[in-house]
Amino acid sequence: MTAQIIDGKALAEELRQGFKARVEALTAKGHKPGLVVILVGADPASEVYVRNKVNGCLAIGMHSEKITYDATVDQVTVLNKIAELNADPNIHGILVQLPLPKHFDEEAVLEAIAADKDVDGFHAENVGALAQGNPRFIPCTPYGVMKMFEKGNVDLTGKEAVVIGRSNIVGKPMALLLINAGATVTVCNSRTKDLKFHTSRADILVAAVGKPKFVTGDMVKPGAVVIDVGINRLPDGKLCGDVDFASCLEVAGQITPVPGGVGPMTITMLLANTIEAAERKAALAD
Ligand code: GUN
């Protein structure tokens, strides 16, 4: 069997086209959605992500700006900027690109962002709402994966779902979303004993472990839906996921490629969250 490929690039484009009318309607009412992305330091991968986030906003008529700081900036300067943006009525979403330099207290920075502008969904208030099953802002990558399940008509109720990875950005919120959708969820990590025991039972397998080609075809249950969240750069400069695409393609029922899978969906859901934030604000103002 050869798996059906879930095309994240096409789905992302379809959704972004649909956002344009919402952005226009908000702009007409004086609530043009605005996102600020804060980047500390000059990590090349982060610079690319941030540029794509800003350009993604501009392409659908939103306002977006990038604020960059040298890696040596002190935390208070960044916290003061966040306080200023929290109070700015033209800004609906604030995102601090992670990771931050070592001298930063990441949690303190994320908590400083007003919960109703936290379009990353990383503030404790938003994490708590998601855990309670009443999400306000859903972290963009797992939110994008849920949209891919929706598009592929993947019914999650009662399914065995295995998530490899336990990060706050992907693994944990992904597990919560799957739990909320009625799946039976196991969260593994790179040190899980007998990982194959778990993965080979999975109807839904999400790899977010940050190790190139970590999941191989022999670990996958025939017909499973395999979601590859990884973006790894190989020594030859090529991108590859956490899933060994060639071997898993022959076993899985549906699979996401890298590039062109989950990646384009992450920024799409950031746009969705920012528009949502602007719509909530507009509703309060009406
Ligand atoms: N670094 C890697 N992924 C993300 C993300 O989704 N949001 C932020 N803020 N930083 C990241």
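The values are calculated or read from the model by the stated rules, or taken from the named source; none is laboratory data. This is a predicted model, so every value here is computed, not measured. In this analysis, Cβ positions are derived from the backbone assuming ideal geometry, glycine residues included, and neighbour counts consider all displayed protein chains. The accessibility values were calculated without ligands, DNA or RNA, using every heavy atom of the protein model including side chains. Shrake-Rupley method; radii C 1.70, N 1.55, O 1.52, S 1.80 Å.
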request  = Could you grab me the full set of residues in segment 19-48 that are crowded, with 20+ Cβ neighbours inside 10 Å and within 13 Å of Val96 (Cα to Cα)?
outcome  = Leu35, Val36, Val37, Ile38, Leu39, Val40
query = Do you know which of the residues in segment 115-142 that are closer than 13 Å to Ala181 by Cα and open to solvent by less than 10 Å² (accessible area, probe 1.4 Å) is nearest to the chain's Cα centre (by Cα)?
reply = Pro142
Test: His63 is open to solvent by 20 Å² or more (accessible area, probe 1.4 Å), under 30 Å from Arg191 (Cβ atoms) and not aliphatic (A, V, I, L, M) = no
task = Within segment 211-244, track down each residue that is among the small types (Gly, Ala, Ser) and modelled with pLDDT of 95 or more.
result = Gly217, Gly223, Ala224, Gly230, Gly241
task = Determine, yes or no, whether Asn90 is in contact with a Gly (Cβ under 6 Å, 6 or more places away or on another chain) and among the polar types (S, T, N, Q).
result = yes
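Residue-wise test of (1) aliphatic (A, V, I, L, M); (2) in contact with a Phe, Trp or Tyr (Cβ under 9 Å, 6 or more places away or on another chain); (3) within 15 Å of the ligand (Cβ to nearest atom).
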| position | (1), (2), (3) |
| --- | --- |
| Leu98 | yes, yes, yes |
| Phe104 | no, no, yes |
| Phe122 | no, yes, yes |
| Leu130 | yes, yes, yes |
| Gly144 | no, no, yes |
| Val154 | yes, no, no |
| Val163 | yes, no, no |
inquiry  = Restricting to segment 165-174, give me the number of residues that are in contact with a helix residue (DSSP H, G or I) (Cβ under 6 Å, 6 or more places away or on another chain) and part of a helix (DSSP H, G or I).
reply    = 2
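Among the residues of segment 71-89, is any at pLDDT 95 or above, under 20 Å from Thr266 (Cα atoms), surrounded by 15 or more Cβ atoms within 10 Å (Cβ to Cβ) and away from the ligand (no atom under 16 Å from the Cβ)?
Checked segment 71-89: no residue is at pLDDT 95 or above, under 20 Å from Thr266 (Cα atoms), surrounded by 15 or more Cβ atoms within 10 Å (Cβ to Cβ) and away from the ligand (no atom under 16 Å from the Cβ).
When you scan segment 175-286 for strands (runs of 3 or more DSSP E) that lie fully inside it, which ones turn up with 1 or more residues that are crowded, with 19+ Cβ neighbours inside 10 Å and without any contact (Cβ under 8 Å) to a residue 40 or more places away in the chain?
184-188, 225-228
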Only one of Glu150, Glu125 that is free of Cβ contacts under 8 Å to residues at least 24 places away in the same chain, of a type in the set (Asp, Glu) and in contact with a Lys or Arg (Cβ under 9 Å, 6 or more places away or on another chain) = Glu125
request  = Scan segment 5-18 residue by residue and report those that are surrounded by fewer than 16 Cβ atoms within 10 Å (Cβ to Cβ) and either within 30 Å of Tyr69 (Cα to Cα) or not hydrophobic (A, V, I, L, M, F, W, C) (or both).
outcome  = Lys9, Glu13, Glu14, Gln17, Gly18
ask   = Of all residues in segment 143-164 being open to solvent by 10 Å² or more (accessible area, probe 1.4 Å) and touching a helix residue (DSSP H, G or I) at 6+ places or on another chain (Cβ under 7 Å), which is nearest to Asp218 (Cα to Cα)?
value = Leu156
message = Please list, ordered by residue number, the helices (runs of 4 or more DSSP H) wholly in segment 1-105 having 2 or more residues that are touching a strand residue (DSSP E or B) at 6+ places or on another chain (Cβ under 8 Å).
response = 44-59, 75-86
